[in-house]
1. Please state which of the following conditions residue 350 fails to meet, knowing it meets all the rest: (1) closer than 29 Å to residue 275 by Cα; (2) modelled with pLDDT under 95.
2. May I ask you to list the residues in segment 167-205 that are in contact with a Pro (Cβ under 7 Å, 6 or more places away or on another chain) and outside any helix (DSSP H, G or I)?
3. What's the number of the only condition in (1) polar (S, T, N, Q); (2) under 27 Å from residue 320 (Cα atoms); (3) under 26 Å from the mean Cα position of the chain (by Cα) that residue 200 fails to meet?
4. From 419, 413, which residue is among the aliphatic types (A, V, I, L, M), assigned by TED's automatic domain parsing to the domain that holds residue 514 and in contact with a Pro (Cβ under 6 Å, 6 or more places away or on another chain)?
5. Only residues that are small (Gly, Ala, Ser), in contact with a helix residue (DSSP H, G or I) (Cβ under 9 Å, 6 or more places away or on another chain) and either more than 30 Å from residue 95 (Cβ to Cβ) or not in a helix (DSSP H, G or I) (or both): list them for segment 400-439, please.
6. Please verify whether residue 183 is small (Gly, Ala, Ser) and under 19 Å from the mean Cα position of the chain (by Cα), treating the condition exactly as stated.
7. State all residues of segment 370-390 that are at pLDDT 90 or above, surrounded by 14 or more Cβ atoms within 10 Å (Cβ to Cβ) and closer than 27 Å to residue 478 by Cα; if no residue qualifies, say none.
8. Any chance you could count how many residues in segment 233-262 are in a strand (DSSP E or B) and either out of contact with any Phe, Trp or Tyr (no Cβ under 6 Å at 6 or more places or on another chain) or at pLDDT below 95 (or both)?
Amino acid sequence: MDARTRLTQMRAVERLAARDASLFADPAVAADRLGWIGLPQHAADGASSLAAFGVDVAASGITDVVLLGMGGSSLAPLVLSRVFGHADGRPALHVLDTSSPQQVATLLPSIAPETTLVVVSSKSGTTIEPLSLAVVLRDWMEPALGDATDLHFVAVTDPGSQLEQHARTHGYSTAFLSPPDVGGRYAALTPFAMVPAALTGIDVSGLIAAAAGAEDLCRVESPDNPGAALAAWISDAYASGRDKLTLVVSEPYAAFGLWVEQLVAESTGKGGAGVLPVLEDAPGDPAAHGPDRMTFVLRTPDDAALASLASRLPAGEPVFESVIGDPSLLGAEFVSWEWAVALFSALNGIEPFDQPNVAEAKAATESILAGGTPEPAPDRIEVTAPDGGTAGLEALEPALAGVLAHAGDGSYLAVLSYLPDDPALSAPLREACAALGAAKAMVVTPELGPRYLHSTGQYHKGGPCTGLFVVITTGSPQDVAVPGKPYTLGVLNRAQASGDIAALRSHGRPVIHVSLPDPGVAHVEAVAHALRALAER
């Protein structure tokens, strides 16, 4: 029986529209996480006041907005910023979803405290990265702003959180409260994304109108339901053994894949099951596709290369295509994907609204920080193999070859780098991963830490035991102190990597750890060279 028929028999669309938590694997969890149903109307009600807030902030002389957040608090704003940019006369948005001291140290000299607004975003109000960065930013601003410093801060959080209390106590200019029954990865139409969008002059009303139109379709059991169609397509492919969802997106919308990646991986990667999203640069790389792939294409109407991708993929690979000419229609894509992932999860007995292994990695990080300063970075490139043996860079290629020799059907290699979000550093790794994937006809996916911890990190530990991992860490020549804390950003960054390595190994995942003395391009190129060398074997 195909998935669309099963959805109809389950009355899944009707039940989801009615917020019926019994549709899901753990109704007790789902009952508190269905507020995204009907959210477009709620968002529309607040659109005009958000737009007015954005106008007032720009009129006050603010030229830069720094968003501090992770995962669901930062990915939708990051997507919208990269797709739309900022309107004339409106502030530029800088998203810091990182603990990289180099990235922070590079940003701060390029902006001025007097013309900067900081948005601290955390649903729980306790997320370590944005709270640590908020202390750093405050310390940077205070010498210039004095008692007015807190007026340059805005909070976005859940009602009653520690962050809301902190914002009220310390005199933040305002605190925006998000519906507490909307999980972070379903929060694209909440203040977490809409506040930064309004600040930068994005047409919030247009996004919301597109979202509302999509939700009207998703609520009805019909052939035109985009969420049900997407859910059934993913589920039918998954049932045939295809658990790698390739996302290939036209360049103007390329960042959208980052949001889908979190939604799919963090929602479905549990109990040894789930779908791994794979971001593939346009125009796609058919040579890397094995029998475990399905491909979703999001393209502009004039992208001829992506229009022909289906004809270049291996025979029989399922393809789903969405074509949008107006960027505001991303609002509809947000909603369609939210419904699709929820319905897919219902079909496959997966609870989509929790993330147990994300919490596991956080706990491991906190344990490392509590135990004292992690080992400093070495003065040369060091490689620690899965058996615990440590050697120099010359050991990387043999260690990788040894791990790949044990790869089976459906295996994937994830290269997890704790580096600044800098194209000069990411490009060599992305190119090497693409070359290796094409040579081995397998998924080789580069990920940026700690961002991935709140995204594919759930799938890495909770999904099928098919992952092979390379974790890249670096020393911190431009380290940044976190006032009031016993750790620096560099220490936090390395502790997060070490915590995830420990969590991966506790689940029996093979991990190679590559420690770089610093985040220089030459060191990253050396790692990329080892990956490319394997592709040439």
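The values are calculated or read from the model by the stated rules, or taken from the named source; none is laboratory data. As the structure is a prediction and not an experimental result, all values here were calculated from the model. Ideal geometry is used to build each Cβ from the backbone, glycine not excepted, and the neighbour counts take in all protein chains shown.
1. (2)
2. Scanning segment 167-205 gives 176, 177, 178, 180, 189, 190, 200.
3. Failed condition: (2).
4. Details: 413 fails: in contact with a Pro (Cβ under 6 Å, 6 or more places away or on another chain).
That would be 419, the only listed residue that is among the aliphatic types (A, V, I, L, M), assigned by TED's automatic domain parsing to the domain that holds residue 514 and in contact with a Pro (Cβ under 6 Å, 6 or more places away or on another chain).
5. 401, 407, 411, 414, 417, 438, 439
6. yes
7. If the condition is that a residue be at pLDDT 90 or above, surrounded by 14 or more Cβ atoms within 10 Å (Cβ to Cβ) and closer than 27 Å to residue 478 by Cα, then 381, 382, 383, 384 are the ones that fit.
8. Going through segment 233-262 one residue at a time, the tally reaches 4.
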